[in-house]
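Data first, discussion second: the structure below is written as structure tokens.
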Amino acid sequence: MPSLGERILGAFLYMIPWSDSLKFGNHLYLKYPFTQIIQIPAIPIIVIERLMPFGSLLLFLAIFLGLVRNNKISYFLRYNALQSLLINIGIIIVGFIFEIIFSPFLNTLIIRTFSSTLLISLFSVIIYCVWSCTQGNEPNLSGISQATKMQL
């Protein structure tokens with residue numbers, strides 16, 4: 001059973017993909033200002049990433065080399081760190097697809113709907129992962145969890 005500190009850090013690690021997924025809700029924040037409250041948990045990560053040049057890359061490398069590849073750290077923390085990084089890589093790839101392919105259609109209803117659906121889906125995944133961490137369990141996401149276990 002992981003300690004309380006490991007559970008809190010494991011849950012906090014999922015704020016990294018959450019901070020990158022917030023860009024999918026830009027039009028929601030304008031139309032429904034009360035939805036901006038979902039940005040609050042990601043503020044520490046956003047501040048860390050913006051304080052230094054290449055902050056996102058440095059944070060990624062610090063977590064990957066400092067937590068994931070460090071065998072002295074518990075399996076629970078390493079598992080959650082790697083899983084959050086894999087989720088984040090997926091979010092970054094989808095963000096690039098949005099910027100490259102869908103940029104001419106950015107304000108169309110279909111793209112806004114897809115973007116909102118993506119944000120809500122990611123919110124659900126992050127909430128599930130955070131809840132599992134606070135309970136001391138490893139979040140089981142099909143595909144991602146299998147890839148995580150293969151790498152550890």
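Computed from the coordinates by the stated procedures, all read-outs in this text should not be read as laboratory data. Everything numeric in this text was worked out from a predicted model, so none of it was measured. A quick note on method: Cβ atoms are made from the backbone with ideal geometry, for glycine too, and the neighbour counts reach across all protein chains shown.
Calculate log10 I(q)/I(0) of the range 1-90 for q = 0.12 Å⁻¹, where I(q) comes from the Debye formula with a single equal point scatterer on each Cα and nothing for solvent. Values returned for q = 0.12 Å⁻¹ are -0.41. Taking a point 7 Å from the Cα of LEU152 along the Cα-to-Cβ direction, the residues of the range 87-127 with backbone N closer than 20 Å to it are 87-91, 125-127. Comparing ILE110, ILE16, ILE126 in a Gaussian network model of the chain, where Cα atoms under 10 Å apart are tied by springs, the biggest mean-square fluctuation is seen for ILE110. The fewest-to-most ranking of SER19, SER145 by surrounding Cβ atoms within 10 Å reads SER145, SER19. A helix-only calculation puts the chain at -21000 deg cm²/dmol for mean residue ellipticity at 222 nm, using -39500 (n - 2.57) for each DSSP H run of at least four residues, averaged over all residues.
If the cut-off is a Cα-Cα distance under 23 Å, which lysines reach LYS149, setting aside same-chain residues fewer than 8 apart in sequence? Hits, sequence-local ones excluded: LYS72.
If you plug the beta carbon distance of ILE110 and ILE89 into 1/(1 + (r/R0)^6) with R0 = 35 Å, you get a FRET efficiency near 0.85. Taking 0.36 nm per residue of separation and subtracting the current Cα-Cα distance, fully stretching the chain between VAL47 and TYR32 would add 3.0 nm. The length gained by stretching the chain between ILE40 and ASN71 to full extension, at 0.36 nm per residue less their Cα-Cα distance, is 7.9 nm.
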